[in-house]
1. For S114, indicate whether it is among the hydroxyl-bearing types (S, T, Y), modelled with pLDDT under 85 and surrounded by fewer than 18 Cβ atoms within 10 Å (Cβ to Cβ).
2. Identify all residues within the stretch 306-327 that are touching a residue at least 40 places away in the same chain (Cβ under 8 Å) and either over 21 Å from F287 (Cβ atoms) or open to solvent by less than 60 Å² (accessible area, probe 1.4 Å) (or both); write none if there are none.
3. Before we move on, is A55 closer than 23 Å to V185 by Cβ, among the small types (G, A, S), surrounded by 18 or more Cβ atoms within 10 Å (Cβ to Cβ) and modelled with pLDDT under 80?
4. Could you say whether any residue in the stretch 236-244 is modelled with pLDDT under 90 and either farther than 30 Å from I138 by Cα or hydroxyl-bearing (S, T, Y) (or both)?
5. Are there any strands (runs of 3 or more DSSP E) wholly within the stretch 210-296 with 2 or more residues that are open to solvent by 60 Å² or more (accessible area, probe 1.4 Å), and if so which?
6. Under 23 Å from L25 (Cβ atoms), assigned to a helix (DSSP H, G or I) and modelled with pLDDT of 80 or more: does that describe G96?
7. Is one or more of the residues making up the stretch 122-145 at pLDDT below 80 and open to solvent by less than 80 Å² (accessible area, probe 1.4 Å)?
8. If I ask for residues that are buried (at least 24 other Cβ atoms within 10 Å of the Cβ) and not hydrophobic (A, V, I, L, M, F, W, C), which ones from the stretch 22-38 would you list?
Amino acid sequence: MTTQKNTHKDKIGFQRIIATFGIILFIGKIIAWKLTNSDAVFSDAMESIVNVISAFMGLYSLHLAAKPKDEDHPYGHGKVEFVTSGIEGALIAIAGIMIIYEGIHSLIVGKTLSKLDLGIWIIAATAVINYLLGYISIKKGKKENSLVLISSGKHLQSDTITTLGVVISLVIVYFTKIFWLDSVVALIFGLYIIVVGYKIVRKSLSGIMDEQDPEILHQIIRILEENRRTEWIDIHNMKIQQFGAALHIDAHITLPWYYSLRDAHSEMEKVILLLAKNIQRNIEFNFHMDDCKPVSCTVCQIQNCPVREKDFIKRVEWTSENVTSVDKHCAE
């Protein structure tokens, strides 16, 4: 419990750093815009407003997700991470639309830029800081299974890409005096940002709707297959839900019908402890014990079974298809 609290505290502390730097970098970009009069820089600055809003939304969601379960939220508050991540993705896409709008406006109206040398250095510095923060945030988010930190990191890195585009356009314009190139580069990276925002929204919606995560499912099945015991006749009807960084696993396990309740429960606990030991996430289990039926004999590997009614035919390899199936396994 203490480790879990410390993990939440670390995530919240890092998100505070992201929010603070978001404000500082936004101010820097506004200064660069005032100096250069560049629409591309202005668009980049407007995207930084999204960074700041997203950072504080992420901070709020981490505070809420850290709350313990209560009567109204028996599974905890982890789902809020998916909600805020989805809003952040939508804001990223909106920022991309804003950049495209400003780019088109500049192409139509035309604009002369000034003090590009100083503006280039300021914007380049914000790009470096953004990328480093994004890299650390994604790495920390993957380590602690936090969608908020991963989304924040991707947002910061996508902002870095567009900022570098602005820097490149400013450098080209500085040497060539072809001012419309500034707007063209902004249009290209505006489209890129929309794609990044869509992917984040898509991932958050899959979490909200409890869409099966193939990567997690394959990991669980691999662990079970590599450590399979003959007493575990089959595992089926598995469902996995994500609540922020935590998982909830439902499954049915078929055990010999002649086992005592104590023996059957002991075997079920071995499965639970195996998964808890090998998956570095907080997991809540809800396993249902099924007694074996005659149809199970064909896949049951228990030798010298005292009550076998049918011959053993083959060992059924557990896969994502049959472990998530409602039906018990059989050799047919």
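1. So S114 fits the description; yes.
2. Taking the stretch 306-327 first, the residues touching a residue at least 40 places away in the same chain (Cβ under 8 Å) are 306-307, 316-320, 322-327.
Scanning the stretch 306-327 gives P306, V307, V316, W318, T319, S320, N322, V323, T324, S325.
3. No, not satisfied.
4. No - not one qualifying residue is present in the stretch 236-244.
5. 283-291
6. Answer is yes for this residue.
7. Yes, the stretch 122-145 contains at least one residue that is at pLDDT below 80 and open to solvent by less than 80 Å² (accessible area, probe 1.4 Å).
8. Once the filter is applied, which keeps residues that are buried (at least 24 other Cβ atoms within 10 Å of the Cβ) and not hydrophobic (A, V, I, L, M, F, W, C), the stretch 22-38 yields G22, K29, T36, S38.
The values are calculated or read from the model by the stated rules, or taken from the named source; none is laboratory data. Just so it is clear, the structure is predicted and the values come from calculations on it, not from any experiment. In this analysis, Cβ positions are derived from the backbone assuming ideal geometry, glycine residues included, and neighbour counts consider all displayed protein chains. In case anyone asks, the SASA skips ligands and DNA or RNA and just uses the protein heavy atoms, side chains included. Shrake-Rupley method; radii C 1.70, N 1.55, O 1.52, S 1.80 Å.
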